[in-house]
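Everything below concerns the one structure shown next.
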Amino acid sequence: MTMAPADPCVDCVGIGWRQPHYETLLAERPALGFIEVHSENFFADGGIALAVLEAGRAAYELSLHGVGLALGSAAGLDHAHLQRLARLVERMQPRWVSDHACFARVGSGLHAADLLPIPFTDESLALMVSHVQQVQERLGRPLLVENISAYVGWAGDTLAEPEFFNELARRSGCGLLLDVNNLFVNARNDGLAPTAAALEAMRWVDAIRPGHVGEIHLAGHCEREDGLVIDDHGSCVRDEVWRVYQHALRRLGPVPTLIEWDTDVPDLGVLLAEAARARAVAA
């Protein structure tokens, strides 16, 4: 069992549990509120990966974060994928299950292996509501849906992105997974300087109805020489993103928060230091 944390804010903050830290985390059992893994990495019916996840679940609350449901795909849900997710959820009984507001599949069965942006229109909203409801009915629980970082967009959007998510939550009963780094990255790629991008991200947060957000993601990003900002989850959270996070907590109240780190994964201590900073902000 996890040691009882001295700081109650520890219950609100977790880290993404990646393969380089499997053994260290289980051996050291640092005080964390939860761990999060990518669902698709554990779809096999047995084997060492699933055994490791069961050990992690015995020590910590678990969040399953998916990248493959493709909730916004006009081709519909991949029901084989959904069945595998449902088996994992039934086995692990996680605290949260989440995926992204994106499309990835087309009618021929081709999967893009990427999180592609959806149009923010009434038609797209109706499709997303239907798919989210199907997933929730199969899983027997609410789903958290994450806003993505997008490097292309659609002409003809008729809904503002926060309005889209407010309506998605209201109509489907899902929650939102608010990635504040994605908000900042999108604002930067819209041509805004860092300070202005942080303010734009805060305005996005202000447009979300309190109570809809069930989890927050924090991550690092990189700025390329050509000016494009990439949500690569490969560095510490930037100061401007911390400011957006602080604003989000003031607006939304205490929300469980995850430190994501997926590329150039550092020593576990680096992630724990980021988690400690999130706890300090939450406090």
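The values are calculated or read from the model by the stated rules, or taken from the named source; none is laboratory data. This one's a predicted model, so the numbers in the text were calculated from it and none came from an experiment. Heads up, the Cβs are rebuilt from the backbone with ideal geometry, glycines too, and the neighbour counts pull from every protein chain shown. With ligands, DNA and RNA removed, areas are computed over all heavy atoms of the protein, side chains included. Shrake-Rupley method; radii C 1.70, N 1.55, O 1.52, S 1.80 Å.
Helices in the chain, meaning DSSP H runs of at least 4 residues, each add -39500 (n - 2.57). Divided by all residues, the mean residue ellipticity at 222 nm is -13000 deg cm²/dmol. The three principal axes of the Cα atoms in the chain give end-to-end lengths of 52, 44, 37 Å, sorted in falling order.
Calculate what fraction, in whole %, of the accessible area of the range 31-149 sits on carbon and sulfur atoms when a 1.4 Å probe is rolled over the protein chains. Write out the running numbers ahead of the final one.
Numbers: 2440 of 4610 Å².
Using a 1.4 Å probe with all protein chains present, the range 31-149 comes out at 53 percent carbon and sulfur.
Normalised by the number of residues in the range 13-151, the average gap of Cα pairs under 8 Å and 6 or more apart makes the relative contact order 22 percent. Using the Cβ-Cβ distance between I48 and R203 with R0 set to 51 Å, the FRET efficiency works out to roughly 0.65.
Skip the ligands, DNA and RNA, and give the accessible area per residue of the chain with a 1.4 Å probe, whole Å². Mind dumping the intermediate values first?
Working: 12180 Å² over 283 residues.
Roughly 43 Å² per residue, with all protein chains present.
Each Cα pair under 8 Å and six or more residues apart adds its sequence gap; the mean of these over the residue count of the chain is a relative contact order of 17 percent. Over all directions, the projected convex hull of the C-alpha atoms in the range 49-173 averages 8.2 nm² in area.
The simple spin-label model puts a point 7 Å past each Cα toward its Cβ; for H79 and D190 those points are separated by 3.9 nm. In the range 231-277, the portion of solvent-accessible area held by carbon and sulfur atoms comes to 48 percent [1.4 Å probe, whole percent, DNA, RNA and ligands not counted].
Sparse packing (at most 11 other Cβ atoms within 10 Å of the Cβ) combined with a DSSP loop state is found for the following GluC sites (Glu not before Pro) in the range 176-283: E225.
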